[in-house]
Amino acid sequence: MAIDYTERIPNNVALAENRRLQRALESWQPNYLRWWDSCGPEGTQAYDVYLRTAISVESDGWAHFDYVKMPDYRWGIFLAKPQEERRIAFGDHLGEPVWQEVPGEYRSLLRRLVVTQGDTEPASVEQQRHLGHTCPSLYDLRNLFQINVEEGRHLWAMVYILHAYFGRDGREEAEMMLERHSGDADKPRILGAFNEQTPHWLSYFMFTFFTDRDGKYQLASLAESSFDPLARTCQFMLTEEAHHMFVGETGVMRIIQRTCEVMNALKTDDPERIRAAGAIDLPTLQRFINFHYSVSLDLFGQERSTNAADYFTTGLKGRYRETRISDDHRLSELTWPVQRPADGSIVCEDVPALLAINERLRDDYIADSQRGLDRWNKVIERQGIESPLYLPHRGFHRQIGAFSDAHASPRGELVTAEEWQRQRDSWLPTEDDHAFVASLMQPVTEPGVMASWIAPPARGINNRPLDFPYVEWADSPRGE
Ligand code: BYC
Ligand code: FE
Ligand code: FE
């Protein structure tokens, strides 16, 4: 399973033995590079970035660190090792051998899943393309670029599946991946959250905590797929995804740390005074949590979904850690509790489990998000401050599903539309919040130095010191 780096497209799928596929991917490659040039991190073509590159897909020792110019990053095709005798773990085909080709009857369903997954990857790169100009430190700048090149590679992962298994349709879909753009009026990205802006680093850290975490759960479900090449490509993507969530969790945690330090130094919880000291007050952080969490909850689809039921019964997309669940893996008789708004209150009812697959995955996601939030609150507690952050109710600010017509407060009360509007500015980031956060976004490019609003990380990257020059360019200040 060694990765062949002598090829134009590094890979561990013996690409050289399939000349047609190799030529097709090699003709997509320049289009990808043009897209990276025009839609990827702005003005960074000549930057030397201390990046991690995959050198093997083994769980140990797959990383190599060195300075790379991002356009020279070796984007390629890496699948996790095949599992011998792997069998289908759920749905109508339970127990049968997994598929190495796409069954004809599931072609369009599967293509749709792969396209939706693939579309999010370049979307996030587009959303983050201006952030480099306002980095809070070289450490953070490098992590941003690491995530960007890996999201680019995730696009390669899905484009490989499209080219290798979906013929002409797949090649057309691969082209379309570079033609839709985040926030584009005519050709937007497919899912809502990927057309929102990531205007500054607070949004970016929230995005990598909440929205990349949807990526983790969706990829984990696709990693259970009966279509083995998709399962294997998603398994390897998940190893990269862990770093994205680390960046989000520690990024927000460092902001909180700094805020608490300022609160204690000034002995105040007055947002104005905290802001005047160059930190971000906790109520503002809560509003950003409310926004990014609710937008990310929408990414799981409707609570009751026949699409999701079809993906499951056909064996295309499983549940989170399907093989560790002890039930019949067919779900013909089981139910799952699902909340919905009804006559002024929120009720919980048992829904056929098959229809509630999306909601179950959302439940897994909520529990995982809560664990991260608890770790943030520990930081606040350790500083002796008593105003914990929280996850708003799942019905708050939803655009998709049963709550999209309701007006739920973050605490989960149903209120009138007028009341909701009246409270909106205390629940979601306001223009003023954005303007304030944007005013903090002054680039810090001296090695080892951090912006006023964020504490330093606990350690550097790959055992390098914090003042290591993680990114260098022609006129960048260098460390002593
Ligand atoms: N926005 O039956 P339903 C990542 C549509 S993130 C707009 O519930 P389904 C990453 C839906 O298409 C992970 N439309 O839908 C993170 C359907 O349309 P039709 C991305 C939406 O199919 C950070 C209709 O509403 N991967 O990797 O069960 C950085 C009915 O809904 C939305 C995946 O998403 C929405 N939010 O659920 C980089 C995995 N939600 O049929 C990367 C693949 C629903 O009426 N995708 N609709 O035309 C899927 O599994 C499913 O498509 C979804 C939607 C779970 C997203
Ligand atoms: Fe990704
Ligand atoms: Fe990611």
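The values are calculated or read from the model by the stated rules, or taken from the named source; none is laboratory data. Quick caveat, the model's predicted, so the values are computed rather than measured. FYI the Cβ positions are ideal-geometry reconstructions off the backbone, even for glycines, and counts take in every protein chain you see.
Structure above, values below:
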quantity: Flag for Val247 being within 16 Å of ligand 2 (Cβ to nearest atom) and surrounded by fewer than 24 Cβ atoms within 10 Å (Cβ to Cβ); calculated: yes
quantity: Which numbered condition Trp75 fails, given (1) under 17 Å from Ala174 (Cα atoms); (2) aromatic (Phe, Trp, Tyr); (3) surrounded by fewer than 17 Cβ atoms within 10 Å (Cβ to Cβ); calculated: (3)
quantity: Test result for Thr239, at pLDDT below 95, among the polar types (S, T, N, Q), under 30 Å from Ile161 (Cα atoms) and part of a helix (DSSP H, G or I); calculated: yes
quantity: Residue among Thr233, Thr239 that is more than 12 Å from ligand 1 (Cβ to nearest atom), surrounded by fewer than 22 Cβ atoms within 10 Å (Cβ to Cβ) and β-branched (Val, Ile, Thr); calculated: Thr239
quantity: Contacts under 6 angstrom Cβ, first residue in the range 124-140 being closer than 12 Å to Gly183 by Cα, partner more than 14 Å from ligand 3 (Cβ to nearest atom) and part of a loop (DSSP other than H, G, I, E, B), 6 or more apart; calculated: Glu126/His181; Glu126/Ser182; Gln127/Ser182
quantity: Any hit, the range 107-114, residues being surrounded by 15 or more Cβ atoms within 10 Å (Cβ to Cβ) and in contact with a Lys or Arg (Cβ under 8 Å, 6 or more places away or on another chain); calculated: yes
quantity: Any hit, the range 225-233, residues being over 22 Å from Pro388 (Cβ atoms), hydrophobic (A, V, I, L, M, F, W, C) and either in a loop (DSSP other than H, G, I, E, B) or within 16 Å of ligand 3 (Cβ to nearest atom) (or both); calculated: no
quantity: Tally of residues being surrounded by fewer than 14 Cβ atoms within 10 Å (Cβ to Cβ), among the polar types (S, T, N, Q) and either touching a helix residue (DSSP H, G or I) at 6+ places or on another chain (Cβ under 8 Å) or closer than 19 Å to Ile255 by Cα (or both) across the range 413-446; calculated: 3
quantity: Filtered residue count, the range 260-309, keeping only those that are part of a helix (DSSP H, G or I) and more than 16 Å from ligand 1 (Cβ to nearest atom); calculated: 22
quantity: Which numbered condition Asp214 fails, given (1) more than 14 Å from ligand 3 (Cβ to nearest atom); (2) assigned to a helix (DSSP H, G or I); calculated: (1)
quantity: Flag if Ala220 is within 16 Å of ligand 3 (Cβ to nearest atom) and under 13 Å from the mean Cα position of the chain (by Cα); calculated: yes
quantity: Residue match in the range 284-299 (condition: farther than 25 Å from Gln383 by Cα and either at pLDDT below 95 or within 16 Å of ligand 2 (Cβ to nearest atom) (or both)); calculated: yes
